[in-house]
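The values are calculated or read from the model by the stated rules, or taken from the named source; none is laboratory data. The shown structure was predicted, so the numbers you read here are calculated from the model rather than taken from an experiment. Every residue, glycine among them, receives a Cβ derived from its backbone with ideal geometry; neighbour counts consider all protein chains shown. Heavy atoms of the whole protein, side chains included, go into the accessibility calculation; ligands, DNA and RNA do not. Shrake-Rupley method; radii C 1.70, N 1.55, O 1.52, S 1.80 Å.
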Amino acid sequence: EYAESGRNIVLTRRPILEEEQRVKKTELKASLKEGMRLKGKVTSIQNFGAFVAANGIEGLLPISEMSYSRVGKVSDVLSQGQEIEVVVKKLDWENNKFSFSLKDILTDPWDIVEQKFPVGSFHSGTVNKLMPFGAFVSLGDGIDGLVHISKLGGGKRLSHPKEAVKEGQTIEVLVEAVDRQNRRISLALAEVSRAEAESAATIKEFQQKQTATDSSMGKLGDILKKQMEKKRS
């Protein structure tokens, strides 16, 4: 503003700063794309995630994007000032909101789930959630499997999984099926599975012995029958 023949002059840098920001924003929009990998620094730790400054922008790294495994506290994974590499998850230039992912850099554990948890293998896991239809068990590395309620009672009918297991309990399970495409693993209690296997083996052994006995008795009967026929003749 210019008034009173120059005795009253008001200056401002705001239009210049706004223009600089506009130019910078235009340059950033041209250089940054979703899916890019950037090196940045953690500027703030929050309960819901961490803010990261990278390539001229500051964005949020949500706690859900830090690992395939469940993260209890952000401070268990990151610290303020730590330098990390992230993937640009979302760029909202209109609202100046940006989000990053650390998980997208890591190898998806479901890509190798069939090698690490093959059908028929036994593993130790932690019960992390109970539902009316079964218990979800964490096998580690972000892999959860389901023990259906029908696999928990050992032949006994249960009204709820809590009658057999509880959240936080460590149990041994058997991998019965793996569906990598739909990210599902079907599990059974190892103790129950072993008992059923032993029972089936016992029954099979008995049946084999019974078949062998019946076969022997049949042969002995044929011999006696032939001897009786010779005496008569």
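See the values below:
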item: Some residue of region 37-52 being loosely packed, with under 12 Cβ neighbours inside 10 Å, over 22 Å from the mean Cα position of the chain (by Cα) and without any contact (Cβ under 8 Å) to a residue 60 or more places away in the chain; result: yes
item: Selection within region 1-11 - among the β-branched types (Val, Ile, Thr) and assigned to a loop (DSSP other than H, G, I, E, B); result: VAL10
item: Selection within region 15-61 - among the hydroxyl-bearing types (Ser, Thr, Tyr) and more than 14 Å from GLU83 (Cβ to Cβ); result: THR26, SER31, SER44
item: Some residue of region 149-160 being in contact (Cβ under 8 Å) with a residue 24 or more places away in the chain, under 17 Å from the mean Cα position of the chain (by Cα) and outside any helix (DSSP H, G or I); result: no
item: Breaking point among (1) open to solvent by 50 Å² or more (accessible area, probe 1.4 Å); (2) more than 22 Å from SER67 (Cβ to Cβ); (3) assigned to a loop (DSSP other than H, G, I, E, B), for GLU167; result: (2)
item: Region 88-100: number of residues that are touching a Phe, Trp or Tyr at 6+ places or on another chain (Cβ under 6 Å) and either outside any strand (DSSP E or B) or open to solvent by 30 Å² or more (accessible area, probe 1.4 Å) (or both); result: 1
item: Top-ranked residue in region 69-125 [being among the aliphatic types (A, V, I, L, M) and out of contact with any strand residue (DSSP E or B) (no Cβ under 7 Å at 6 or more places or on another chain); ranked as nearest to SER44 (Cα to Cα)]; result: VAL77
item: Residue within region 12-20 that is without any contact (Cβ under 8 Å) to a residue 24 or more places away in the chain, in a loop (DSSP other than H, G, I, E, B) and not basic (Lys, Arg) present; result: yes
item: Region 98-139, residues that are within 21 Å of GLY154 (Cα to Cα) and hydrophobic (A, V, I, L, M, F, W, C); result: VAL119, PHE122, VAL127, LEU130, MET131, PHE133, ALA135, PHE136, VAL137
item: Only listed residue being modelled with pLDDT of 85 or more, assigned to a loop (DSSP other than H, G, I, E, B) and closer than 26 Å to VAL77 by Cα, chosen from GLU58, GLU34; result: GLU34
item: Residues that are in contact (Cβ under 8 Å) with a residue 40 or more places away in the chain, of a type outside the set (A, V, I, L, M, F, W, C) and open to solvent by less than 30 Å² (accessible area, probe 1.4 Å), drawn from region 101-141; result: SER101, ASP108, PRO109, SER121, GLY125, GLY140
item: Residue within region 10-26 that is at pLDDT 90 or above, of a type in the set (D, E, K, R) and open to solvent by 60 Å² or more (accessible area, probe 1.4 Å) present; result: no
